[in-house]
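The values are calculated or read from the model by the stated rules, or taken from the named source; none is laboratory data. Predicted model only: the values in this text are computed from it and were never measured. Note that each Cβ is placed from the backbone with ideal geometry, even for glycine, and that neighbours are counted across all protein chains shown. To get the accessible areas, we keep the full protein, side chains included, count just its heavy atoms, and leave off ligands, DNA and RNA. Shrake-Rupley method; radii C 1.70, N 1.55, O 1.52, S 1.80 Å.
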Amino acid sequence: MDFEHAGIDVRAMDLAAALYRFPAHEDSLGECERFGRAYCEILLLDVTEVAALPALLLVRSGVFVAHWVGRYRAGLATIDEVRPRVARALFTAGWVEEKGAELVHRAMDWIGERL
C-alpha cells in the first residue's frame, strides 16, 4: 500500500526513491550497496523488482521534474528552483546509463541471487 495515495504501488519504487540520492555521492554504488542491502533485509524484493531499479530511478527523476514544473506553472516556484531539479534528473539519467547494469548486478546479491 502506498499511503500517500492510498493505492497499490510498485514496491521497489520506495527503494528507488531512496537510492535517488546516492548517484551524487563519490562512492555512489557503495552507498547504494549499503542502503539496498539493509533495505532488502527488511523487505526482500524479487528478481523483477530488482531488475527494474534503473528504470524506476528514471521514473523517480521524471516525476520529480514534473512536480516542480507543475509548481512553476502554478506560480508556486521560480524557474531558478526548477532548473537544478532538471539538472539533477539529467545527471541521474547519465548515472543510470553508466552504472545501472552494475547496480542491478549488485542488487541481485542483496536478494540472494547469484549471477
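What the table shows:
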{"quantity": "Region 80-92 residues that are in contact (Cβ under 8 Å) with a residue 24 or more places away in the chain, paired with ones that are assigned to a helix (DSSP H, G or I) and polar (S, T, N, Q) (beta carbon under 7 Å, 6 or more apart)", "calculated": "ALA89/SER61; THR92/SER61"}
{"quantity": "Some residue of region 37-58 being of a type in the set (Val, Ile, Thr), under 23 Å from PHE91 (Cβ atoms) and at pLDDT 95 or above", "calculated": "yes"}
{"quantity": "Of the criteria (1) surrounded by 16 or more Cβ atoms within 10 Å (Cβ to Cβ); (2) within 13 Å of the chain's Cα centre (by Cα), which one TRP110 fails", "calculated": "(2)"}
{"quantity": "Elements of type helices (runs of 4 or more DSSP H) in region 6-70, at least 3 residues being open to solvent by less than 50 Å² (accessible area, probe 1.4 Å) and of a type in the set (Lys, Arg)", "calculated": "none"}
{"quantity": "Residue list for region 71-92, filter: within 15 Å of the chain's Cα centre (by Cα) and open to solvent by less than 40 Å² (accessible area, probe 1.4 Å)", "calculated": "ALA89, THR92"}
{"quantity": "Exclusive hit being charged (D, E, K, R) and in contact with a helix residue (DSSP H, G or I) (Cβ under 6 Å, 6 or more places away or on another chain), set GLU97, GLU33", "calculated": "GLU33"}
